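Below is one structure, written out as structure tokens; the observations come after it.
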Amino acid sequence: MTTSTRPFKILGLQQIAIGGLDKGKLRHLWVDLLGVPVTGSFKSERENVDEDICTLGQGAHAVEVDLMQPLDPDKKPAVHATPLNHIGLWVDNLPVAVQWLEAQGLRFAPGGIRAGAAGHDICFVHPKGNEQFPFGGEGVLIELVQAPPDVVKALALQSS
């Protein structure tokens, strides 16, 4: 394993995902009490999830707050098993990031790069390393999200 110059940039926080057995309770807190608006929804048998997508902020500075419940609490992935399910990070070049990070020994969850709930390409860093890939998210599931061009431009300017 060799660490070389990182060929990508993490631009900012894209989302937090919160899971529970009843997203109605989560919705009451985040939408009814805190006033975070619902901007979309997503349901996927493959991901075992029914979620409301809420959004704080606007444009490149918007951050999703995904309120998730499992379609079947006995199946995996168990989106409710940890209340803070995962965090999502904007990345400027997802395929390059994944290739470089794997070469550094970072373990990714099964599924590879695919379209996520908000339509952006995504993949997940596994919470734990293993023998083949010794590094993971240190107990945290991390979603890497391909930033669209306007977000890359806005957040790259901010971090320069």
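FYI, it's all coordinate maths here, none of it is from the lab. Keep in mind it's a predicted model, so treat the numbers as computed, not measured. All Cβ positions, glycine included, derive from the backbone under ideal geometry; neighbour counts span all protein chains shown.
How far is helix 149-158 tilted, in degrees, relative to the longest principal axis of the Cα atoms in the chain, given as a value from 0 to 90 rounded to the nearest 10? On a 0 to 90 degree scale, this one is about 70. For the range 86-160, the C-alpha radius of gyration divided by 2.2 N^0.38 Å, with N the number of residues, is 1.12. The range 61-103 has equivalent-ellipsoid semi-axes of 27, 16, 8 Å, by the square roots of 5 times the alpha carbon gyration tensor eigenvalues, sorted largest first. With the convex hull drawn over the C-alpha atoms of the chain, the volume per residue is 112 Å³. What is the helix-to-structure angle for 94-103, meaning the angle in degrees between its Cα long axis and the longest Cα principal axis of the chain, kept from 0 to 90 and rounded to the nearest 10? The two axes meet at around 60 degrees.
If R0 is 22 Å, the Cβ-Cβ spacing of residue 41 and residue 78 corresponds to a FRET efficiency of close to 0.65. Over the residues of the chain, the helix contribution to mean residue ellipticity at 222 nm works out to -4500 deg cm²/dmol, using -39500 (n - 2.57) for each DSSP H run of at least 4. 3J(HN,Hα) along the range 41-52, derived from phi through the Karplus expression 6.51 cos²θ - 1.76 cosθ + 1.60 where θ = phi - 60°, amounts to 8, 8, 9, 8, 5, 4, 8, 6, 9, 10, 9, 9 Hz, with x in place of Gly and Pro.
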